[in-house]
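Every read-out reported here was derived from the displayed coordinates using simple, explicitly stated rules and does not represent laboratory data. Quick caveat: nothing in here was measured; it's all calculated off a predicted structure. As a convention, Cβ positions derive from the backbone with ideal geometry for all residues, glycine included, and neighbour counts pool all protein chains shown.
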Amino acid sequence: MPAAGLLISLGKLVAMLAGDVSIVITIGTVMEQMGWGIINNLNILFALAIGGSWAKDKAGGAFAAMVGFIIIAVITGSAFGVTSDVLANANATNPVADNPELPLTVNSVFGQPLAVSAYFTNAAGIPCLNMGVFIGIISGFLGGVMYNKFYNFKGLPAVLTFFNGKRFVPIATIGFSTLIALVICVFWPFAQTAINNFGAWIVGSQDSAPFIAPFVYGTSERLLLPFGLHHMLTIPLNYSSLGGSYTGLDGTTAMGQDPIWLAWVSDLGKAASSGDWDTYNRILAEQIPGRFKVGQVIGSSAMLIGFAVAIYKRAEIKHKKAVFSLIFSAAAATILTGVTEPIEFMFMFAATPLYIVYAIIQGICFGMADVVPMRLSAFGDIELATRMPMGFQAGLWMDYVWFAIMCVIFFIVGYGVCYWLIGKFNFATPGRNGNYIDSNDDSTGGKGNAANANARTKDIIELLGGADNIDVVDNCMTRLRVTVKDPAKAEKSEEVWKIKTGSLGLIDKGAGFQIVYGPEADSIANDVNDALGR
């Protein structure tokens, strides 16, 4: 998703700088549409990614997930009589009411009138209920579960033996996805009504809940992070109608905070370039995107960096060198990419009260979007930089000034609060109170050569109880996620994991282990799976 955002930003930048050179304009337009192609099809990508991740065989799980996606989409559209023609005319006329001023509606199972334009959409060419990424999430988990349950199925009679095993997976998926789709047809309109209302509240919450709404979101999102549940907030808010919607000048509708910002800033730029200031002021007044995003960038660019510097300053003198090496690489990744976990896991469990204070300050960072104008959205400073030309063209240069001011303020606040709390309560942050990083040990963490990578892979497998004890190896952006057969055989000491593999943290969930490595988690997961022959 960050890559898609970068493509859109860079594509717009190329087109802006092209002047009258048509070939360059075309290149920029193609780049932008590549990014929108990803964002507009996130539902499919979620289905394939989750299905492949949860299944024992990635290809089989992804295939089953796509089967489930198609069945759910077809049923949730055709059950209401919504076709492509109905979608195309949803905003044009209402033949039932014989009044073109009313939106076209269909009835729910309980007779509730559903506006087609608000409740239905086109997913992969299939008219269906407008579930956004949720249809991908549901079908993805369904595909993964179906594969794991039926890939070795042997229950069919001899005459149908051909359909046993993996061939039975799509058959079972069709059956279960049909049942799920029928349940969705009954209950999703109620959920969509709640989501639409919540999305409308999000858009208007600057008036109804100024500061409070983004503050609660920012604090809650950080408090959920240790449990790996923060995506339950961030994904729907950023990429579904739960984060609001915006209909652009070209008539297309963007849903979720990040797509809304991209469409909104593009329209502002067009209106400003053409001198249509009435349209410009209307767009500026109707939408205030970025309220649930810019606080994250302030946190990753400045506030959390203040925490990192304070942790380094509070380290014992003889351990400062080792702490600096750890802090510097983590801070660089955090600033550039917006991935904050490498720093957060340094004190999340070693100094939990400090982390709670950090989450509250992060919430304040989000709330400041309602105090001063900072209508910006990005995931890390690389993306922020690529979007600056779009922002300047849209007349948001003062927003960047306020953003810079907030970064300076919150760096000072983060540093001061963290430095004082560590000293006051003697927290065991890295480099002090026994929480030491021995730079002379044989840890392979952070070393990129092949020999050390192979040694780390072997250590990881050994700490998980050996190859025979490992069931599933997967990863998210910053964590290696492993399911083991016998948890008693796996190492549960976070300190051992840190020393032997260079991890930043360990979360023990019984048969499930999450080992934090930062952005390199993906390559580590690949190394482990390769070593296991998977």
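Values as computed for the structure displayed
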read-out: Assigned charges on the beta-carbon of Lys, Arg, Asp, Glu; the chain dipole about Cα centre (debye); value: 1240 debye
read-out: Options Ala271, Val21, Phe328, ranked by Cα towards positive dipole end of the chain, top entry (Cβ charges); value: Phe328
read-out: Mean separation of Cα contacts under 8 Å (6+ apart) over length of the chain, as relative contact order %; value: 12 percent
read-out: Cross-link reach list, aspartates and glutamates versus Lys489, counting only Cα pairs under 16 Å and skipping chain neighbours closer than eight places; value: Asp459, Glu462, Asp468, Asp471, Asp508
read-out: Derived scalar couplings ³J(HN,Hα) [segment 129-145; Karplus, 6.51 cos²θ - 1.76 cosθ + 1.60; whole Hz; x for Gly, Pro]; value: 4, 7, 9, x, 6, 5, 5, x, 5, 5, 5, x, 5, 4, x, x, 5
read-out: Proxy reagent accessibility, fewest Cβ within 10 Å first, across Asp508, Asp527; value: Asp508, Asp527
read-out: Cα-derived Rg to Rh of segment 294-425, Kirkwood definition; value: 1.00
read-out: Cα gyration tensor, segment 265-338 - rounded (a/c under 1.5), prolate or oblate; value: prolate
read-out: Length added when fully stretched, Leu224-Ala488, from 0.36 nm per residue minus Cα-Cα; value: 92.4 nm
read-out: Ordering of 236-249, 66-79 by burial proxy (mean other Cβ atoms within 10 Å per residue, highest first); value: 66-79, 236-249
read-out: Cα-based convex hull volume of segment 238-371 per residue, rounded to whole Å³; value: 129 Å³
read-out: Most positive-pole-ward Cα, Gly144, Phe69, Met131, against dipole of segment 42-208 from beta carbon charges; value: Gly144
read-out: Along principal axes, Cα extents of segment 42-208, largest first, whole Å; value: 60, 39, 25
read-out: The chain shape via C-alpha gyration tensor axes, a/c threshold 1.5; value: oblate
read-out: Rounded, prolate or oblate (a/c below 1.5 giving rounded, otherwise prolate when a/b exceeds b/c) for segment 16-88 by Cα gyration tensor; value: oblate
read-out: Placed amide H near Tyr436: partners under 5 Å, 5+ positions off or other chain; value: Gly431
read-out: Those lysines that a straight Cα-Cα span of less than 19 Å connects to Lys12, excepting residues fewer than 8 apart in one chain; value: Lys270
